[in-house]
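The values are calculated or read from the model by the stated rules, or taken from the named source; none is laboratory data. Not measured: the values here are computed from a predicted model. Quick reminder, even Gly has a Cβ in these numbers, built from the backbone with ideal geometry, and neighbours come from all protein chains shown.
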Amino acid sequence: MFQAFISSACAPFAPVCSPPAALRAVLAVAVGLCQAFASHAAIPISHWTQPSGAQVFLVESPAIPMVDVQIDFDAGGRRDPAGKPGLANLMASSTAYGVKARGQEPALDENALSDAWADLGANFGGNASADRLGFSLRTLTYPDLLDKATALAARQLGEPAFPAAPWVRDRPKLIASLKEANTRPATLAGRAYSRAVYGDHPYGAESTEETLGRISAADMQALHAQVLRACSAKVSIVGAINRTQADALATRLLAFLPSTGCEALAAVPEVAPLGAAHEERIAFASAQAHVLLGQPGFKRNSPDFFALTVGNQILGGGGFSSRLTEEVREKRGLTYGVYSGFSPGLHAGAFTIGLQTRPDQANQALALVREVLVKFVTEGPTDEELQAAKDNLIGGFALRLDSNRKLLDNVANIAWNNLPLDYLETWTAQVQKLTSADIRAAFARTLQPEKMVTVVLGAE
């Protein structure tokens with residue numbers, strides 16, 4: 001899904017309110033954050049539900065005086081209004097255009113809001129993925145800074161102004177970027193592939209010059225009023241605050257959002273499975289042919305998640321150690337790089353194999369990729385491949401938690417997907433217990449190589 005990005009008014013994290021020497025010390029300590037977490041066998045996650053209905057997930061990280069917060073809502077691209085794909089993302093990022101007046105606090109336009117964040121040395125902003133609409137805050141936890149940053153974030157989240165002028169100014173820039181992207185072979189191949197895999201499902205919706213022209217600042221205001229509710233928020237927090245402070249922080253951040261109207265949302269249809277193979281050839285004068293092959297994959301809540309994740313590492317997700325790389329690049333020299341990947345979400349995201357090759361080699365490379373895929377789905381990995389993948393994934397697990405931001409991403413993933421609170425603690429065991437038979441069975445249940453979408457752009 002095309003996600004339009006408007007330049008954020010949030011300044012980079014630069015805690016200018018402390019003396020320079022102190023700042024250097026704080027940031028130096030941040031480098032050690034990964035050791036602080038990696039050295040612990042368990043990362044305790046506290047979870048509770050506030051009276052408003054908001055759910056809060058907290059990891060206390062006292063190593064540095066900083067806190068990262070992510071607030072997620074079920075209002076991503078899959079719920080964009082018909083004919084206006086990208087509205088959720090535009091609405092979230094456009095909260096940086098300014099905030100309304102509140103009490104003795106004056107209204108702030110985009111420049112004043114940007115300056116306010118810069119003065120605090122903090123970040124706040126929003127964006128939307130296919131499934132969720134999210135806002136994130138990063139600030140130091142010194143009491144005066146935390147209080148001011150929380151208050152400002154609450155205003156931007158709950159009372160954005162959505163003035164028309166900045167959107168009218170920025171829309172032509174987005175349309176120009178879209179036009180430029182449409183000249184790139186990778187963009188054209190990717191869009192054709194997405195349409196074929198997802199059909200009419202919102203996962204395949206793309207912004208166009210026409211659809212961007214339909215979106216107004218009033219649409220953003222209406223969507224904000226419709227979907228942002230304190231009672232439906234999932235608030236993930238990592239930082240140097242305790243549970244009492246975190247609860248107060250979440251309450252203040254959501255203070256200007258309604259806490260009613262959280263009845264069950266209308267169900268979004270599932271991604272339809274492919275009934276037959278579909279191949280699309282796109283003529284394009286390009287130095288490299290672009291080849292994409294795949295189908296709808298699996299939902300994030302699938303019990304096969306670990307088997308498919310580890311299996312994909314072996315098939316094409318493990319870089320130079322993957323089977324596709326070995327067969328297509330190393331043995332035949334048909335490409336510089338080939339990959340495979342799943343993109344599970346609330347619905348079945350695509351499984352994709354992709355590569356670029358010389359136009360005269362595209363058909364040969366495609367035939368080989370299909371052969372490797374069929375063999376993997378039929379036979380699964382060897383025991384040696386499985387052990388190497390396990391060693392790689394488990395050995396690199398600490399890198400998934402080596403910063404506050406990465407840890408927050410993991411906590412938010414647990415919150416959003418309703419995963420067990422001990423998910424990070426049991427991750428290694430889940431990977432370690434897999435067998436080759438487990439992976440073969442999971443791939444056989446999930447993939448149908450004979451019914452896949454194929455897009456080839458620029459082949460001779």
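Within the stretch 129-142, at least one residue is surrounded by fewer than 20 Cβ atoms within 10 Å (Cβ to Cβ), in the same structural domain as Ile241 (by TED's automatic domain parsing) and closer than 23 Å to Val227 by Cβ. The single condition from (1) touching a Cys at 6+ places or on another chain (Cβ under 8 Å); (2) free of Cβ contacts under 8 Å to residues at least 24 places away in the same chain that Ala222 fails is (1). Within the span defined as the stretch 408-416, every residue fails to be of a type in the set (S, T, N, Q), at pLDDT below 95 and either touching a Phe, Trp or Tyr at 6+ places or on another chain (Cβ under 9 Å) or assigned to a helix (DSSP H, G or I) (or both).
Taken together, the residues in the stretch 79-96 that are under 15 Å from the mean Cα position of the chain (by Cα) and farther than 25 Å from Ile237 by Cα amount to 1.
Do you know which of the residues in the stretch 196-224 that are within 20 Å of the chain's Cα centre (by Cα) and closer than 23 Å to Ala283 by Cβ is surrounded by the fewest Cβ atoms within 10 Å (Cβ to Cβ)?
At the first step, the residues of the stretch 196-224 found to be within 20 Å of the chain's Cα centre (by Cα) are 197-198, 201-207.
Those left that are additionally closer than 23 Å to Ala283 by Cβ: 197, 204, 206.
Values: Val197: 27, Gly204: 19, Glu206: 14.
For the stretch 196-224, the residue satisfying everything is Glu206.
Pairs linking a residue in the stretch 385-411 that is touching a residue at least 60 places away in the same chain (Cβ under 8 Å) and under 15 Å from Phe57 (Cα atoms) to a residue that is among the aromatic types (Phe, Trp, Tyr) and surrounded by 16 or more Cβ atoms within 10 Å (Cβ to Cβ), with Cβ atoms under 7 Å and 6 or more positions apart or on different chains, are Leu407/Phe37; Val411/Phe57. Screening Ala429 against (1) assigned to a helix (DSSP H, G or I); (2) surrounded by 14 or more Cβ atoms within 10 Å (Cβ to Cβ); (3) free of Cβ contacts under 8 Å to residues at least 24 places away in the same chain leaves a single unmet condition, (2). Restricting attention to the stretch 50-102, the residues being within 19 Å of Val227 (Cα to Cα) and either in the same structural domain as Gly349 (by TED's automatic domain parsing) or of a type in the set (Val, Ile, Thr) (or both) number 4.
Checking each residue in the stretch 38-95 for being among the small types (Gly, Ala, Ser) and over 26 Å from Ala240 (Cβ atoms) picks out Gly53, Ala75, Gly76, Gly77, Ala82, Gly83, Gly86, Ala88, Ala92, Ser93, Ser94.
Taking the condition in the same structural domain as Ala389 (by TED's automatic domain parsing) and surrounded by 19 or more Cβ atoms within 10 Å (Cβ to Cβ), does Phe298 pass? In short, yes.
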